[in-house]
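J.: Structure provided below as structure tokens; questions to follow.
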Amino acid sequence: MIYVILFFEFFKVGLFAIGGGLVTVPFLFDLSEKYSWFTAKELADMIAVSESTPGPLGVNMATFAGFRAAGIPGGIVATLGLVFPSLVVMILIAKMMDKYSCNTRVQRVLDGIRPAVIALILSAGIEIARMAVVNLKAVIALVVFLLVIHFGKRGPIFYLALSAVAGIVFKI
Amino acid sequence: MKQLFNLFQLFFRIGLFTFGGGYAMLPLLQGELVKKRGWATDEELLDLYSIGQCTPGIIAVNVATVIGYRRAGISGACFATLGMVMPSLIIILLIASVLTQFMYNRYVAYAFGGVRICVVALILNVIYGLWRKNIKDYFCAGVFIGALVLLLVFNLSAVWVVIAAGAAGYWLRGMAAK
């Protein structure tokens, strides 16, 4: 049964890809060797497509591979398989968090982690910047966006839509 | 039922506008959950990201699951997570089945060029706010700089950075408390 195999294979990816996003890539390469759902080159293309389409890479990749293997139902089954381990683990963690979040030892650990997570977010921003800010025009756009966002009062979705229009108008 | 639909709709919108993976989602989460609805604080979001970093699965899904669970139990977690993955599912199925040339269209490429730069600007703006709120002493600044060096210079996996920072917090904050 192709659906069972798809669910199970992506369940494994979801379970072992700790950290998410690009961490799923090596697991997906293994899948491309084991099955004929997609080739390694298609995976590389898909990573590029995922950089510029909404949504997490892992989900995009599961949908794509599932679709290749067994049409639209395949895409849905593979995505559900990928998401299922997170769903279960995070519900358990959410239960524990409510119980232990006031514990002083847990507080101390979280105190240490918060600045590190800010660094993680910054390094993710730098990764995206390396791909996106490639010429002088892009640098100018970045500075303009920073000023508009910092002094503006709108939500992020407004700026994202605005930046898509700006991208087309100014050929960024 | 209305609550569940609201969760689905909220995370559908966040999923639809998240370009570039889990971290690019942070400005959206902060805007919708912290500023607009007051469902979480900045600190809780950071804690969720650190947990997401050390647990299986995709960070975006992990965050959606926890927020959904808090609002409406297990069904809330399921609806929030479904909302989060639904836009990707639809868009990738469309691209894979009919729009294979879509990604290579010139105007689409320009639009995404603009969006990616905007994502960088949004992330930097969020970091500025988080920095002012959370980096209050030498310990925090030290962990921040240490983590950045480990990530960018030594290419250490994010899991180890989070574990090391947690250990540093446990020991050093513990010593300060005595």
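The values are calculated or read from the model by the stated rules, or taken from the named source; none is laboratory data. Note that the structure is predicted; figures quoted are calculated from it, not measured. As a convention, Cβ positions derive from the backbone with ideal geometry for all residues, glycine included, and neighbour counts pool all protein chains shown.
J.: Which condition breaks for A:Ile172 when tested against (1) of a type outside the set (Asp, Glu); (2) over 24 Å from B:Ala80 (Cα atoms); (3) assigned to a helix (DSSP H, G or I); (4) touching a Phe, Trp or Tyr at 6+ places or on another chain (Cβ under 8 Å)?
T.: (3)
J.: Taking segment B:141-161, which residues are out of contact with any Phe, Trp or Tyr (no Cβ under 9 Å at 6 or more places or on another chain) and buried (at least 18 other Cβ atoms within 10 Å of the Cβ)?
T.: Pass one, segment B:141-161, residues out of contact with any Phe, Trp or Tyr (no Cβ under 9 Å at 6 or more places or on another chain): B:141-143, B:145-149, B:151-161.
Result: B:Val143, B:Ala147, B:Leu148, B:Leu151, B:Ala158, B:Val161.
J.: Report whether or not B:Leu82 is surrounded by 18 or more Cβ atoms within 10 Å (Cβ to Cβ), within 20 Å of A:Gly55 (Cα to Cα) and touching a residue at least 40 places away in the same chain (Cβ under 8 Å).
T.: Criteria met by B:Leu82.
J.: In segment A:96-122, what residues are modelled with pLDDT of 85 or more and under 30 Å from A:Lys171 (Cβ atoms)?
T.: A:Leu122
J.: If a residue must be without any contact (Cβ under 8 Å) to a residue 24 or more places away in the chain and charged (D, E, K, R), how many such residues does segment B:104-121 contain? Let's see the steps before the verdict.
T.: Of the residues in segment B:104-121, the ones without any contact (Cβ under 8 Å) to a residue 24 or more places away in the chain are B:104-111, B:113-114, B:117-118, B:120-121.
Checking the rest, the ones that are also charged (D, E, K, R) come to B:106.
Total satisfying the criteria: 1.
J.: Right, something else. Which one of these does B:Leu45 not meet: (1) over 21 Å from B:Val120 (Cβ atoms); (2) out of contact with any Ser or Thr (no Cβ under 9 Å at 6 or more places or on another chain)?
T.: B:Leu45 satisfies all of (1) over 21 Å from B:Val120 (Cβ atoms); (2) out of contact with any Ser or Thr (no Cβ under 9 Å at 6 or more places or on another chain) except (1).
J.: Moving on. Just name the residue that is surrounded by the fewest Cβ atoms within 10 Å (Cβ to Cβ) out of those in segment A:40-69 that are within 16 Å of B:Gly22 (Cβ to Cβ), facing chain B (nearest Cβ under 7 Å) and in contact (Cβ under 8 Å) with a residue 24 or more places away in the chain.
T.: Here the residue is A:Glu51.
J.: Okay, moving on. Mind checking which residues of segment A:128-140 are buried (at least 17 other Cβ atoms within 10 Å of the Cβ) and in a helix (DSSP H, G or I)?
T.: Matches in segment A:128-140: A:Ile128, A:Ala129, A:Ala132, A:Ala138.
J.: Within segment B:44-57, take every residue that is touching a residue at least 12 places away in the same chain (Cβ under 8 Å) and more than 7 Å from chain A (Cβ to nearest Cβ) and give me the one that is nearest to A:Asn60 (Cα to Cα).
T.: If we take residues in segment B:44-57 being touching a residue at least 12 places away in the same chain (Cβ under 8 Å) and more than 7 Å from chain A (Cβ to nearest Cβ), then B:Leu48 is nearest to A:Asn60 (Cα to Cα).
J.: Which of the following residues is in contact with a Ser or Thr (Cβ under 6 Å, 6 or more places away or on another chain), facing chain B (nearest Cβ under 7 Å) and either surrounded by fewer than 18 Cβ atoms within 10 Å (Cβ to Cβ) or under 18 Å from B:Glu44 (Cβ atoms) (or both): A:Ile91, A:Ile121, A:Ile113?
T.: A:Ile113
J.: Another question about this same structure. So which residues in segment B:58-76 are at the interface with chain A (Cβ under 7 Å from one of its Cβ atoms) and closer than 21 Å to B:Phe17 by Cβ? Let's see the steps before the verdict.
T.: Step one: of segment B:58-76, the residues at the interface with chain A (Cβ under 7 Å from one of its Cβ atoms) are B:58-62, B:65-66, B:69-70, B:74.
Hits for segment B:58-76 are B:Ile58, B:Ile59, B:Ala60, B:Val61, B:Asn62, B:Thr65, B:Val66.
J.: Which of the residues belonging to segment B:135-169 are under 21 Å from B:Leu48 (Cβ atoms) and either among the polar types (S, T, N, Q) or touching a Lys or Arg at 6+ places or on another chain (Cβ under 6 Å) (or both)?
T.: Residues of segment B:135-169 that are under 21 Å from B:Leu48 (Cβ atoms), as a first pass: B:135-136, B:140, B:143-144, B:147-148, B:151, B:157-169.
B:Ser157, B:Gly169 - these are the residues of segment B:135-169 that are under 21 Å from B:Leu48 (Cβ atoms) and either among the polar types (S, T, N, Q) or touching a Lys or Arg at 6+ places or on another chain (Cβ under 6 Å) (or both).
J.: Looking at B:Leu82, is it at the interface with chain A (Cβ under 8 Å from one of its Cβ atoms), out of contact with any strand residue (DSSP E or B) (no Cβ under 8 Å at 6 or more places or on another chain) and part of a helix (DSSP H, G or I)?
T.: When the stated conditions are applied, B:Leu82 does not pass them.
J.: Mind listing just one residue for me: the one in segment B:38-71 that is in a helix (DSSP H, G or I) and hydroxyl-bearing (Ser, Thr, Tyr) and, of those, nearest to the chain's Cα centre (by Cα)?
T.: B:Tyr49
J.: Hey, any hits in segment B:168-178 for a residue that's within 20 Å of the chain's Cα centre (by Cα) and either of a type in the set (A, V, I, L, M) or modelled with pLDDT under 85 (or both)?
T.: Checking segment B:168-178: not a single residue is within 20 Å of the chain's Cα centre (by Cα) and either of a type in the set (A, V, I, L, M) or modelled with pLDDT under 85 (or both).
J.: Something else: Return a yes/no flag: does segment A:111-132 have any residue that is over 30 Å from A:Met1 (Cα atoms) and touching a residue at least 12 places away in the same chain (Cβ under 8 Å).
T.: yes
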